[in-house]
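**Q** Can you keep this structure in mind? I'll have questions shortly.
The values are calculated or read from the model by the stated rules, or taken from the named source; none is laboratory data. Keep in mind the model is a prediction, meaning the values are calculated, not measured. Neighbour counts are summed over all protein chains in view; Cβ atoms, including those assigned to glycine, are modelled from backbone coordinates with ideal geometry.
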Amino acid sequence: MNSINKWLLILAVVVLTFACKQRYTPKARGYFRIDLPEKAYQMFEGDYPYKFEYPAYAVVKPDTSSNAEKYWLNISYPEFKGQIHMSYKPVGNHFNMLMEDSRKLAYKHSIKADAIHERMFYDAEKNVSGVLYEIKGNAASPLQFYATDSLNHFLRGSLYFNAIPNQDSLAPVINFVHQDVIRLMETLQWNK
């Protein structure tokens, strides 16, 4: 190879190196920004055996599905396309069965869940005890709970979104609603 060809080759490499200024770096997957409303609560009272505080930005409606029973309701989050489905049962002689059913329904999500954390609640003054199941991962229901007085009342709730479960995109909303569920459990009272 003669010296002219060497210099032309070096010049071509230098020109190609500096001519390709565009650097391509793949961008991380992004999600829409979710503007969360300011926290505000109001009391749910009515002809129900229980009352509790729920968010002012949510809507409480009786459950009208075909299998719904008396005192069942849904707390709807229209802005987030989510609902907390709440079912109520009188305890009678079925306390152990109701608790076991709640546990089974929560752990049914263990197939998709990365972890399930149980958080205990107890308020001796209001005679309310319960468990909040925090289901981590891409499970269909990220939060489930039950509350009871172990003699007369058993209230169960589960959070669902009208979306494909994706922990990354739903995390801000799940954390936001998580605080509402804790508030619900802490303010829950049984009506005589």
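**Q** Within the range 117-136, does at least one residue satisfy the condition of being touching a Pro at 6+ places or on another chain (Cβ under 7 Å) and under 13 Å from Ile84 (Cα atoms)?
**A** So far as the range 117-136 goes, no, none of its residues is touching a Pro at 6+ places or on another chain (Cβ under 7 Å) and under 13 Å from Ile84 (Cα atoms).
**Q** For the structure I just gave you, tell me whether Ile182 is β-branched (Val, Ile, Thr) and touching a helix residue (DSSP H, G or I) at 6+ places or on another chain (Cβ under 9 Å).
**A** Answer is no for this residue.
**Q** A follow-up question, please. Looking at the range 147-166, I want the residues that are part of a strand (DSSP E or B) and β-branched (Val, Ile, Thr) and have a partner that is at pLDDT 95 or above and buried (at least 18 other Cβ atoms within 10 Å of the Cβ) with Cβ atoms under 6 Å, at least 6 apart or on another chain. Which pairs are those?
**A** These pairs meet every condition: Thr148/Phe154.
**Q** Taking the conditions exactly as written (surrounded by 17 or more Cβ atoms within 10 Å (Cβ to Cβ), part of a strand (DSSP E or B) and either in contact (Cβ under 8 Å) with a residue 60 or more places away in the chain or out of contact with any helix residue (DSSP H, G or I) (no Cβ under 8 Å at 6 or more places or on another chain) (or both)), does Ser87 satisfy them or not?
**A** Here the answer is yes, as Ser87 does meet what is asked.
**Q** Please go through the range 39-90 and pick out each residue that is closer than 22 Å to Tyr133 by Cα, more than 17 Å from the chain's Cα centre (by Cα) and basic (Lys, Arg).
**A** Result: Lys51, Lys89.
**Q** Is it the case, given these coordinates, that Ser102 is surrounded by 15 or more Cβ atoms within 10 Å (Cβ to Cβ), on the phi < 0 side of the Ramachandran plot, among the small types (Gly, Ala, Ser) and not in a loop (DSSP other than H, G, I, E, B)?
**A** Yes.
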